[in-house]
Amino acid sequence: MKRFSWDEMMNRYPAFFAIILLVVALIINFILQPNMFARDTLNSNMRVFLPMILLAAGQAIVILGGGIDISVGGIVSIVNTILATQVGLNGSPEKMWTFVLVSLGAGILAGAINGFFIAFLRLQPIITTYATSFLYVGFALFILPNPGGGIPAEIANVYRNTTPLGLPLAFYVIAVVLLIWMYIRSTRFGNYLYAVGGNAEAAYETAVPVTWVLFSTYVVSGFMAALAGIAITMLSGSGNAEIGVPMTLTSITAVVIGGTALSGGIGGVAGPVVGAITLGIIQNIISFSRIDTWWETFVKASIIVVALAAPGVINLLRRKKV
Amino acid sequence: MSVSLSARNIVKRYGGVVALSDGNLDVHSGEVVALIGANGSGKSTMSKVINGVVVLDGGQLLLDDKPVRFSSPQAARKMGIATVFQELSLVSKMTVADNIWLTREPLKSSGMIDRKLMWEKTEALLDLFSGTFKADLKPATLVSALHPDEKQIVEILKAISLNPRILILDEATASLDSRQVERLFELVKRWKAEGKAIVFVSHRMEEIFRIADRYSVLRNGKTVGQGDIKDITEKDLIQLMTEKEKVFQFTKAASGEDTSGLDHPIYLEVENLTTETLRGISLKVRQGELLGIGGLQGQGQRDLLLALFGDIPYEGKIRIKGEVVRFKHPRQAMRKKLALVPGDRAKEGLLYIRSILDNFLLPSWQNYGFPLKMKLAKRDALTISERLSLVMAGLMAPVSSLSGGNAQKVVIGKWLLRDPDCYLLDDPTKGVDVNTKAEFYGLLTELSQQGKSILFYSSDDDELIGLCDRVIVLHDGKIRAELQGASLTKENLIAASMGVSNGGEA
């Protein structure tokens, strides 16, 4: 009779699968790179993972609400090109701060555009954000047609080398993101999010403001994508309008292996954060094991296929038993 | 908190179909009004008008003697009208407590939900039904892990947690067991004493007489009787629900020689068929028999036909011509010469945007070789369309260009091409015009004369009585009655549908 415990388990601990995968990846990585837990190595890894962690957290909110945001990579690109062109390699810290705020505003605006089309005009999320992703990447290319520009090295180093109490900066950022998520999860808005993603019709009949909840998820996602864009700019120190493009699919992969269902209403943000770290480590493993880089895409694609197919396979096996 | 609600001369149309032409209902504080009617009489439309799910086309709603108009369920809810929906309004991946208090969660000063308080309040609500459900129904249980009856209880608690002035119970007892119904009735009595007004929609006669104070009977979208329940008998109620006017003169297949069918060999034998909704069905169908399946909608008729066609998993034994079969896929059923005319022809019966030709030949393409013999295919399709006197612009016209009746002919036609031995019909005349219906009846008679076995579910009781020699009536997934010969009357059919057992041998 305990057959449905898998469902129950995935519901209560949506990050379960992601954590198993993380542990396995960590062990393999540790074998290949025994010094991976040294302070410098840890920090250099975490600062590379952080942009994707932020992006995945925003993507998770949208997917929880029953949508999907394919334009996040475009927003990352816009932010990167704004900072690289407007701050410049010789810019002052004040200028940097100003344009960080402008970038966050741009992210929120881009998210609001998505949200308007999807929540108020009731357009398909996947089509809408696919279309706006071209809009956003196109706008980034308009700002910065050729890779170049950048931010001052000393500002970039703040991101790269800050290790309060000997722990990477990324750890603190992750902690803040998770704390905020835990708060949201226990507010009324958190409940609305799960209700809208789980059964929008029932939510509507119960007087949940479905339209506003949907709208807000895209705004949050745009904001998180802007944060990711700021992080990746400080990591690379330079501008490239195409920088965000490959990040979109990775963010969705992180959410899926993090146990947050693409159908909406199931999962959380912690799982996707773990998923993003796992994907980063897998990338590490691939580069350390000196295999061709095309394996990277292959492995990533395999993981997403397996993660998507797993519930279906489990169901199939269960049905056979009956 | 005295309250009264009156619905006067309510009219509601869906497209061209009139669901309600003159619906009336009065309910006051401290009473239970039973809304009663046969299939398609408009009782579900009536309850939807009261709770704001549909907007009425005519007539008037009076709340406390003041005219009101509800544009949404929320508007009705604000006025103190809560509904226990039959199709539940629950989010399955959320907990029981989250579902009950959604949008009304108790908050702490930090803006966080006070889950402890919410669980306590949920416990208090669950106590209302304590002892009638399994111990694992707790505030923190996910709704998806609950049984249908427990979900129904959560839905009831969700409605009552609003502390409504008017409570509509739309078939709320359908998935509850007897102990739970007992408890609900105790609660209803308590709510009544508190001054709530309750509208009770049910198809169980016994329950209506136990709980209702007054009744309102709908027939064909018209209210045909209202009054105190103590002034009426079960028989009279059924009489009220039964209409006298008949549109058709039916000619039975073997009228006058009824007995001739009895020596035909048994074609289909079903033993203890069980699915999610069916609870042990056993029946036999002879070759050339037209067996009617009656009962209110959703009593397992659909499951019976789908299980026979291998479309859903089932337990039990099915024999065709004495040979045990176990279909796992409709393809296997088709090979055994079965055909299914599904209930929703637009979704399940037809490829709507494809041509009439494509639809006719869909189950039969493998008979036309490779490459396909298109000329032969067209000729066969044309023969069938002539046999059915299909009104169409041409074989290449899309099915979507056809009227409802003609589209249904295409569903039948695609099976005729395969010449099956047994037809499973799921309410085939629903939404079909009068002339096509008549043609249809002729076709069914003809098929059964050719020795085809037909299982014919219809929501139109007149059809069953007019066409079939034998009708089984399903109620709650079981065969409630088997009517034939003299016992096959409309009164008995309706009585059995409502769960009254005075009709036929059960």
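The values are calculated or read from the model by the stated rules, or taken from the named source; none is laboratory data. Owing to the predicted nature of the structure, the values given are computational and were not obtained by experimental measurement. FYI the Cβ positions are ideal-geometry reconstructions off the backbone, even for glycines, and counts take in every protein chain you see.
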Based on this model, can you work out whether A:Val100 counts as of a type outside the set (D, E, K, R) and surrounded by 24 or more Cβ atoms within 10 Å (Cβ to Cβ)? no
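Yes/no per residue for (1) away from chain B (no Cβ under 14 Å); (2) part of a helix (DSSP H, G or I):
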| site | (1), (2) |
| --- | --- |
| A:Asn146 | yes, no |
| A:Leu178 | yes, yes |
| A:Ile184 | no, yes |
| A:Val196 | no, yes |
| A:Glu201 | no, yes |
| A:Phe223 | yes, yes |
| A:Ala228 | yes, yes |
| A:Ile243 | yes, no |
| A:Thr248 | yes, yes |
Considering only the range B:216-232, I want to know if a residue exists there that is surrounded by fewer than 23 Cβ atoms within 10 Å (Cβ to Cβ), more than 20 Å from B:Gln297 (Cα to Cα), of a type in the set (D, E, K, R) and in contact with a Lys or Arg (Cβ under 6 Å, 6 or more places away or on another chain). yes
Flag for B:Leu157 being surrounded by fewer than 19 Cβ atoms within 10 Å (Cβ to Cβ), of a type outside the set (Phe, Trp, Tyr) and part of a helix (DSSP H, G or I): no
For the range B:286-311, how many residues meet the condition of being at pLDDT 90 or above, aliphatic (A, V, I, L, M) and within 22 Å of B:Glu276 (Cα to Cα)? 6
Name, by its number, the condition in (1) among the acidic types (Asp, Glu); (2) part of a helix (DSSP H, G or I); (3) surrounded by 15 or more Cβ atoms within 10 Å (Cβ to Cβ) that does not hold for B:Asp311. (2)
Restricting to the range A:250-263, name every residue that is within 14 Å of another protein chain (Cβ to nearest Cβ) and crowded, with 24+ Cβ neighbours inside 10 Å. A:Gly259, A:Thr260
Residues being more than 23 Å from B:Lys337 (Cα to Cα) and either over 26 Å from the mean Cα position of the chain (by Cα) or outside the structural domain of B:Phe309 (by TED's automatic domain parsing) (or both): count how many of those fall in the range B:439-464. 1
Quick one: would you say B:Asn163 is facing chain A (nearest Cβ under 10 Å) and either assigned to a helix (DSSP H, G or I) or closer than 25 Å to B:Asn51 by Cα (or both)? no
Candidate set: the range B:64-110, residues that are facing chain A (nearest Cβ under 10 Å) and basic (Lys, Arg); chosen: the one farthest from the chain's Cα centre (by Cα): B:Lys108
When the residues of the range A:203-221 are narrowed to those that are outside any helix (DSSP H, G or I) and either facing chain B (nearest Cβ under 8 Å) or in contact with a strand residue (DSSP E or B) (Cβ under 9 Å, 6 or more places away or on another chain) (or both), which ends up surrounded by the most Cβ atoms within 10 Å (Cβ to Cβ)? A:Thr206
Quick test for you: out of B:Lys151, B:Lys121, pick the one residue that is touching a residue at least 60 places away in the same chain (Cβ under 8 Å), within 24 Å of B:Arg190 (Cα to Cα), assigned by TED's automatic domain parsing to the domain that holds B:Leu90 and in a helix (DSSP H, G or I). B:Lys151
Residue satisfying condition, being surrounded by fewer than 21 Cβ atoms within 10 Å (Cβ to Cβ), modelled with pLDDT of 85 or more and either in contact with a Pro (Cβ under 9 Å, 6 or more places away or on another chain) or part of a helix (DSSP H, G or I) (or both), within set B:Leu395, B:Leu340, B:Leu444, B:Leu376: B:Leu376
